[in-house]
Amino acid sequence: MFESIFSVAEATISVQNFLICVGVAIVLGAIISLTHKFTTKTTLHFLITLGVLPVLVQVVILLVNGNLGTSLAVAGAFSLIRFRSMPGNSKEIISVFWAMAIGLALGMGYVTLAAVVTLVVAILIFAFSKITTNMINISDRKLKIVIPENLDYEEVFNDLLEKYTDKAELVKVKTTNMGSMYELHYEVSLKKDIKEKEFLDEIRVRNGNMLVMLERKELSEVEL
């Protein structure tokens, strides 16, 4: 069932087998790209990359005539292109290596194996994404507050945080605007049924109506 469509005895690859592998690579690349699109936040350019990557890796494998060691060394360079200047999140890394693995399998002629692996991994990603989405606590937020330098950032908001949150942790402090202001970053868990506008309005009164930002903590944004 999982045999290669390439014959060991063949010195060259037939046009028919090559077109089969290319066609399957395009279809499986589209499945990988769509799976990534529907399970995480991403960009159009990255989706195109995932769709094309299996075809490119497959061609690399074919060009080195089945030399697996050389193939892996060359194909490994593809992963460096995406992550050389900025880190990718965990789902991006999985998708890149998924696309590379499918391209490798197709380059060796294992068409059925590549199709089965693609479907199994897609199902697993959808299933785990659904589970982890249900596990996210929607009350967990990121809170950013800008205050003037004359305020004591360690205690100025303690009463408000105690009133509106179940837990709050100051995770980052940095100076801004030539050192005349502090930028505070909190991770908070809001209490049930509170009014966010009232919470923000009270902070604005305390910090002189400077910047206050409250945003959701998305699991998809967690990076390795």
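The table that follows gives values for the structure above.
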quantity	calculated
Filtered residues of the stretch 5-41 (kept if among the polar types (S, T, N, Q) and either on the phi > 0 side of the Ramachandran plot or modelled with pLDDT of 75 or more (or both))	Ser14, Gln16, Asn17, Ser33, Thr35, Thr39, Thr40
Hits in the stretch 183-224 - residues which are out of contact with any Ser or Thr (no Cβ under 6 Å at 6 or more places or on another chain), modelled with pLDDT of 90 or more and in a strand (DSSP E or B)	Leu184, His185, Tyr186, Glu187, Val212, Met213, Leu214
Residue in the stretch 203-213 that is within 30 Å of Ile93 (Cβ to Cβ) and surrounded by 12 or more Cβ atoms within 10 Å (Cβ to Cβ) present	yes
Out of Ile123, Ile131, sole residue that is without any contact (Cβ under 8 Å) to a residue 24 or more places away in the chain, surrounded by 11 or more Cβ atoms within 10 Å (Cβ to Cβ), assigned by TED's automatic domain parsing to the domain that holds Ala99 and of a type in the set (A, V, I, L, M, F, W, C)	Ile123
Output for the stretch 156-182, where each listed residue is part of a strand (DSSP E or B) and crowded, with 16+ Cβ neighbours inside 10 Å	Thr165, Ala168, Leu170, Met181, Tyr182
Any chance Ala115 is modelled with pLDDT of 90 or more, among the small types (Gly, Ala, Ser) and surrounded by fewer than 21 Cβ atoms within 10 Å (Cβ to Cβ)	yes
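The values are calculated or read from the model by the stated rules, or taken from the named source; none is laboratory data. Because the structure is a prediction, the values reported are computed rather than measured. With ideal geometry, Cβ positions are generated from the backbone for all residues, glycine too; neighbour counts draw on all protein chains shown.
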